[in-house]
Every structure is written in C-alpha cells, then in structure tokens.
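*Asks:* Following this message is one structure expressed as structure tokens.
The values are calculated or read from the model by the stated rules, or taken from the named source; none is laboratory data. Computed from a predicted model, the values in this text were never measured in an experiment. Here the Cβ positions follow ideal geometry from the backbone for every residue, glycine too, while neighbour counts run over all protein chains shown. Please note that ligands, DNA and RNA were not included when accessible areas were found on the heavy atoms of the full protein model with its side chains. Shrake-Rupley method; radii C 1.70, N 1.55, O 1.52, S 1.80 Å.
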Amino acid sequence: IKLFTVIDNQLTTTPIYEFEFTILPPFYKRWWFTLFLVAAGGLIVFLISKRILNNWKREALQKETQILLEKELDKSMLSSIKAQLNPHFLFNAFNTIQSYIYSNDKHNASLYISKFSSLTRSILEMSTKDTITLDEEIKALSLYLELEKMRFEDSFHYSIQVEAGMAKEHVRIPSMLVQPYVENAIKHGLLHKKSDRELMLHFSKEGQLLKIVIDDNGIGRKRSQELNHIKNRMH
C-alpha cells in the first residue's frame with residue numbers, strides 16, 4: 001500500500017508512506033488443518049474399530065464363560081444326583097427288593113418298588129431346581145426313610161418334627177441339601193447297631209435362619225471311624 005499526498009489538486013510522485021502485508025487463507029484452508037482432519041478422522045476410525053473389536057471379544061468371552069458355567073452346572077447337577085442315588089443306596093435298595101422276591105413277599109416287594117420309584121422321580125425333579133420348599137424336602141426324606149425302615153424292618157424307627165406354625169410351603173432351601181446327611185447318619189451311625197435304631201429330624205426357625213437337627217442313637221463318630229479304618233485296611 002502506497003500513500004500519496006495531493007497538493008493543489010496535484011498528486012505527488014513520491015509516496016509519503018509505503019508498507020506491505022500478507023492476507024493468509026482461513027485456518028480451514030490451511031495445510032495443517034487438512035492434515036489435522038485426516039489424522040483426527042483416522043484416530044476416530046481406529047477407536048471405533050477397536051471398540052467394536054473389543055465388544056466382539058467381550059461377547060465371545062461371555063459366551064465361552066456361559067458355556068463353561070453351563071457345563072459346570074451340568075456336572076454339579078450330575079454330582080448332586082449321584083450324591084442322592086449313590087451306589088451304596090442303590091445296592092441296598094436292590095438287595096432289599098431281591099430279598100422280598102426270594103421270600104415270595106409280593107406285597108412288600110411291590111410296595112418297596114413303588115416307593116423307590118417315587119423317590120427316584122422326586123430326586124430327578126429336584127435336581128433341576130436351585131431351591132425347593134421345605135415341604136418338598138420333607139416328602140422326599142419321608143420316602144427315603146420309609147425305604148430304609150423297610151430294609152431294617154422293626155429295628156429302625158424315625159420321626160420328622162416341624163416347629164409349630166412354620167409354613168413349610170413357603171420356606172425355601174437349596175435343592176437336595178439334607179438327605180446326604182441323613183444317609184450318613186444311617187450308614188455311619190446306625191448301620192453298626194443291631195437293634196433299637198432311632199433317627200430324629202427336627203426343623204425349626206431361629207430368627208431369619210432355618211435350623212435343621214439330625215440326631216441318631218448310633219455308635220458315634222469315633223467308633224464309626226475306627227470301624228471304617230479297620231474295614232478299609234482289610235479291603
């Protein structure tokens with residue numbers, strides 16, 4: 001830009017002031033902004049792709065974990081069924097049926113098979129549930145104890161007591177919880193006795209807790225361990 005003066009309507013030939021400046025393009029037309037947009041776009045695409053990939057990996061891991069948990073659950077259910085229908089109990093049950101058949105006791109053989117069938121069905125149904133009502137557990141325990149009473153005949157007596165006022169239909173407990181302990185009481189406590197075998201189950205509430213007592217008049221844990229030690233040593 002050159003500045004001139006005008007004297008008597010005449011423009012001077014020499015500028016009195018002269019300076020220069022440069023007008024730059026707006027920032028959105030500069031090279032560095034274009035480079036920034038390309039880099040930012042690439043970063044955004046990278047982050048989105050990484051997030052999608054992580055989501056896929058997370059979903060795959062969740063599916064794999066779910067499959068493993070389902071397999072473990074199947075194993076747990078199978079173990080739970082085995083805990084109820086273990087070979088020891090099955091062996092004794094079939095022996096009892098066989099003895100009725102040998103003695104031509106058709107009535108008791110039919111009755112035992114019927115109760116055994118009901119117990120097996122009940123155990124298989126309960127094994128598919130996480131929790132059951134106390135009433136369902138007591139019914140299954142009654143079937144099991146009736147079978148054991150038939151096996152021991154008059155030398156075994158049992159009782160199941162429930163605290164007055166307890167709503168058995170509304171109290172829920174983990175599925176297949178009590179029977180293995182009852183079976184242990186019979187197997188390790190009462191089996192070694194020759195007569196007067198007695199077993200008592202008592203269910204009561206203590207605050208928000210359910211108290212389950214399994215009491216037997218067997219030989220005791222110490223003597224049972226001694227006999228089992230001798231038996232295992234000679235096996």
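*Asks:* Name every residue in region 194-222 that is among the basic types (K, R) and open to solvent by less than 50 Å² (accessible area, probe 1.4 Å), in order of residue number.
*Replies:* Step one: filter region 194-222 for residues among the basic types (K, R), giving 194, 197, 205, 211, 221-222.
Of everything in region 194-222, just one residue is among the basic types (K, R) and open to solvent by less than 50 Å² (accessible area, probe 1.4 Å), namely R197.
*Asks:* Restricting attention to region 121-149, which residues are open to solvent by 30 Å² or more (accessible area, probe 1.4 Å), of a type outside the set (D, E) and farther than 17 Å from M200 by Cα?
*Replies:* R121, L124, T128, K129, T131, listed by residue number.
*Asks:* Can we say I101 is farther than 30 Å from H202 by Cα and either over 20 Å from the mean Cα position of the chain (by Cα) or open to solvent by 80 Å² or more (accessible area, probe 1.4 Å) (or both)? Step through it out loud before you land on a result.
*Replies:* Numbers: farther than 30 Å from H202 by Cα: yes; either over 20 Å from the mean Cα position of the chain (by Cα) or open to solvent by 80 Å² or more (accessible area, probe 1.4 Å) (or both): yes.
Spelling it out, I101 is indeed farther than 30 Å from H202 by Cα and either over 20 Å from the mean Cα position of the chain (by Cα) or open to solvent by 80 Å² or more (accessible area, probe 1.4 Å) (or both).
*Asks:* Also: Could you check region 150-181 and list, in sequence order, the residues that are over 13 Å from L210 (Cβ atoms), out of contact with any Ser or Thr (no Cβ under 6 Å at 6 or more places or on another chain) and open to solvent by 70 Å² or more (accessible area, probe 1.4 Å)?
*Replies:* Selection gives E153, D154, H157, Q161, A164, G165, Y181.
*Asks:* Take the conditions modelled with pLDDT under 85 and either surrounded by 10 or more Cβ atoms within 10 Å (Cβ to Cβ) or among the aromatic types (F, W, Y) (or both) and apply them to R58. Does it pass?
*Replies:* Working: modelled with pLDDT under 85: no; either surrounded by 10 or more Cβ atoms within 10 Å (Cβ to Cβ) or among the aromatic types (F, W, Y) (or both): yes.
The answer is no for R58.
*Asks:* Need pairs with beta-carbon distance below 7 Å; first residue modelled with pLDDT of 90 or more and within region 140-168, second assigned to a helix (DSSP H, G or I) and open to solvent by 60 Å² or more (accessible area, probe 1.4 Å); sequence gap 6+ or separate chains.
*Replies:* The qualifying pairs are Y158/K149.
*Asks:* Of the conditions (1) over 60 Å from the mean Cα position of the chain (by Cα); (2) surrounded by 10 or more Cβ atoms within 10 Å (Cβ to Cβ); (3) modelled with pLDDT of 90 or more, T12 satisfies every one except a single condition; which number is it?
*Replies:* (3)
*Asks:* Under the condition of being closer than 21 Å to Y181 by Cβ and of a type in the set (S, T, N, Q), which residue from region 86-117 is modelled with the highest pLDDT? Can you show your working first?
*Replies:* Of region 86-117, the ones closer than 21 Å to Y181 by Cβ are 86-93, 115-116.
Next, only the ones that are of a type in the set (S, T, N, Q) stay: 86, 92.
Values: N86: 60, N92: 73.
The residue in question is N92.
*Asks:* How about region 114-138: which of its residues are in contact (Cβ under 8 Å) with a residue 40 or more places away in the chain and of a type in the set (K, R)?
*Replies:* K129
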